[in-house]
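This report refers to the structure that appears directly beneath it.
The values are calculated or read from the model by the stated rules, or taken from the named source; none is laboratory data. Since we're looking at a predicted model, the values are computed, not measured. Using ideal geometry, Cβ is built from the backbone for each residue, glycine included, and neighbour counts are taken over all protein chains shown.
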Amino acid sequence: MSLPRVSFLILLALAERPRHGLGIVEHIEDVTRGRTKLGPGALYGTLQKLQSAGLIRLTATAPDPGDDDPRRRYYRITATGTRRLREEAAEIRLLSEAAARHVEGDA
């Protein structure tokens, strides 16, 4: 089953390094060139679902000691989350290639 787009984007953000909520939002806005903006409800609801599914977990330490703030919660992708991200990326790649062939055939 395909991951919802927001779940995929969060896993993608965490694949690079652990991040806190605002860091995740900023990464997603950057990689989607501003096309996807997450509000707190969507972000934290999805983080909760990803945690429950074992795809991410809270981490005890900040990835950058200079960025440490006790109010922030940092999330890290799990090995299961990494496998799921790879599977989803492979599926997206296949669909993108099929779409490109179709569009190019119409040109």
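Checked against (1) out of contact with any Asp or Glu (no Cβ under 7 Å at 6 or more places or on another chain); (2) closer than 22 Å to ILE92 by Cβ, GLY39 passes all but a single condition, namely (2). Counting only helices (runs of 4 or more DSSP H) wholly contained in the stretch 3-99, the ones carrying 3 or more residues that are polar (S, T, N, Q) and without any contact (Cβ under 8 Å) to a residue 60 or more places away in the chain occupy 40-52. Scanning the stretch 1-58 for residues that are exposed (fewer than 13 other Cβ atoms within 10 Å of the Cβ), of a type in the set (D, E, K, R) and under 19 Å from THR78 (Cβ atoms) yields a single hit, GLU16. Looking across the stretch 56-73, the residues that are at pLDDT 75 or above and in contact with a Lys or Arg (Cβ under 7 Å, 6 or more places away or on another chain) come down to ILE56, ARG57, LEU58, THR59. For the stretch 74-107, a tally of residues being surrounded by 15 or more Cβ atoms within 10 Å (Cβ to Cβ) and modelled with pLDDT under 90 returns 0.
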